[in-house]
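Please read the structure below before turning to the comments.
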Amino acid sequence: MFLILRPIRLLLRAALMDSTPRQMSMGLAFGVLVGLIPKGNLLAIGLAMLLAASRLNLAVAGLGAMAAALIAVTCDSLFDSIGWYVLSQPSLAGLWIQLYETPWVPWTHFDNSIVMGSFVTGLALLLPVHFISRPLFAKYACTLAQYARNTWLVRVMLGAEAVERISLVE
């Protein structure tokens, strides 16, 4: 029974404890970036590892990545046109050739127009998502933490001593 509850406890702890609005909003922004990029290449794996190694809120990042991945499926034609535009620029041709001749860079599939378009779009959305979501997290994270502190399910899942440590985000 303990092994079944442990992932749920870790998710609750990641979502509710020790996160500032900045960590939550940057987690959402990086989650959107990771979610937009097609999976199965070194670029997506590297960005996911960078996200996991950071001190950003991984629960919010995971939710952002799932939402962005669902939306990204419908935007492939847009990503294709953006990627094709970036990859076909004559001024960048030397850079693309040099990157392609580097031993590990072709595994990122940067030469795929959908991967390049989704990466450029994710980079362009990184700061706007952060700046738009930060005030929302600042306003509602405190309310969510207070509500979670008072629910019996969180008390049972995290234990009474952990509930007392759930930080109110200021």
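Suppose we keep only residues that are closer than 17 Å to residue 124 by Cβ and of a type in the set (Gly, Ala, Ser) within the range 78-94. Which one would you say is least open to solvent (accessible area, probe 1.4 Å)?
83
Report whether or not residue 115 is open to solvent by less than 90 Å² (accessible area, probe 1.4 Å), assigned to a helix (DSSP H, G or I) and farther than 30 Å from residue 20 by Cα.
Taking the combined requirement at face value, the residue satisfies it.
Residue 97 versus (1) surrounded by fewer than 11 Cβ atoms within 10 Å (Cβ to Cβ); (2) closer than 20 Å to residue 29 by Cα: which is the lone unmet condition?
Looking at each condition in turn, residue 97 falls short on (2).
For the range 32-47, how many residues meet the condition of being under 18 Å from residue 74 (Cβ atoms) and touching a helix residue (DSSP H, G or I) at 6+ places or on another chain (Cβ under 6 Å)?
Qualifying residue count for the region: 7.
The values are calculated or read from the model by the stated rules, or taken from the named source; none is laboratory data. Since the model is a prediction, treat every value here as computed from it, not as a measurement. So basically every Cβ, Gly included, is an ideal-geometry build from the backbone, and we count neighbours across all protein chains shown. Surface accessibility is based on the protein's heavy atoms, side chains included, excluding ligands, DNA and RNA. Shrake-Rupley method; radii C 1.70, N 1.55, O 1.52, S 1.80 Å.
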